[in-house]
Structures are given as C-alpha cells and as structure tokens.
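A short write-up of the structure that comes next.
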Amino acid sequence: MVSFLTHNSFKLLLILTFSITFIACNPEEEDPNENMNFPETNSSYNSEATTASTSDTSSASSASSGAGELVKVGQKENPYIFQPETYDWTLNKTYTLEFTDVNEFHTFNVDELGIEVYVNAGETVTQDVTPSVAGSFKLYCVPHESLGMVGTINVA
Ligand SMILES: [Cu+2]
C-alpha cells in the first residue's frame, strides 16, 4: 500500500514534471503572445539603452572635444596654407582644434604627437589634442604637403 502510494506519488511527480516541462515548453508556443508584450518593453528599454549609450558617447566625445583651449585652424586653398602656420603649445595642455569652412579635403597631421585629423569640405571638425612630447614638429596636410601645406608645432 505504502509502496503503491510511493509509486503512485512518484508517477504523479513524473506527470507533474512532465506537465511542468510541457508548460515550460509551451510558452515558446505562446511566444508570439509574449512577444506582443515584450517588444514594447524591449524597444523602450532598447531606446533607453540607445539613448543612454548615445548620451554616453556624446558626453564622451564632448569631453574629448571641447575641453581644451580653442585653437581655430584655417586651411586655405591656393595657396595651400595652414592658418596659423606655427603653433606654440604647452606640454600636456589640452587644445581644442576647430576646423571650419574649408572648400576641400585637408588633414592636420603631426606624426610625433599622434595627431591626424581629417576635414572634409564644408565640415566643421573639432578635435582635442594634448601634446605629450616636447619638441618642434612638422605639421602637414597629407594631400597638399607637396604643395607646401606644412606648418610647425612647438611643444614646450
Ligand atoms: Cu590640404
């Protein structure tokens, strides 16, 4: 009797387990229904996450561009010159380079300082730089270096 009960309850347990498994599996069949609820939560969560990451990115990028002393850089065509051509910077100080109003593609490259900024025509680009090496370095525009579009960066 006891063993039967045990057996029976075991069987019941098995059935229960089975049905639980079935129920557990079933929601997958109900998934469309759940999905009908979830996308709303999901998308709002996602958009929140996107907004959060976007604001993170923008705050990060604003932190990396705009934190320093503003240096307006003109890049003139014909003759190809940087304006100014010479920059006297303080070591480890952050400068925010601002490039505006150029009519064609230019770059602002200083190899020794790891600076490489691309500026497309009509684009405003800001870039923070923090010179960490003292010395006198060549500034050049990649496509116009041969045309004399060079300058000097002094870091002390
Ligand atoms: Cu150029």
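Read-outs throughout are calculated quantities, based only on the coordinates presented, and are distinct from any laboratory measurement. Computed from a predicted model, the values in this text were never measured in an experiment. Cβ atoms come from the backbone with ideal geometry, glycine included; neighbour counts cover every protein chain shown.
What full-extension length gain, to one decimal in nm, is calculated for K138 and K93 as 0.36 nm per residue of separation minus the Cα-Cα distance? Write out the running numbers ahead of the final one.
Values: separation 45, 0.36 × 45 = 16.20 nm, distance 1.86 nm.
Length difference between fully extended and current span is 14.3 nm.
Could you tell me the calculated FRET efficiency between F105 and T130, based on Cβ-Cβ distance and R0 = 25 angstrom, to the nearest 0.05?
On the way: r = 25 Å, r/R0 = 1.01.
Computed FRET efficiency for F105 and T130 comes out at 0.50.
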Around G74 (Cβ within 15 Å, Cβ-to-Cβ, excluding G74; K/R +1, D/E -1) the net charge comes to -4
Residues of region 85-126 with amide nitrogen under 14 Å from the 7 Å Cα-to-Cβ point of A67?
-> 92-97
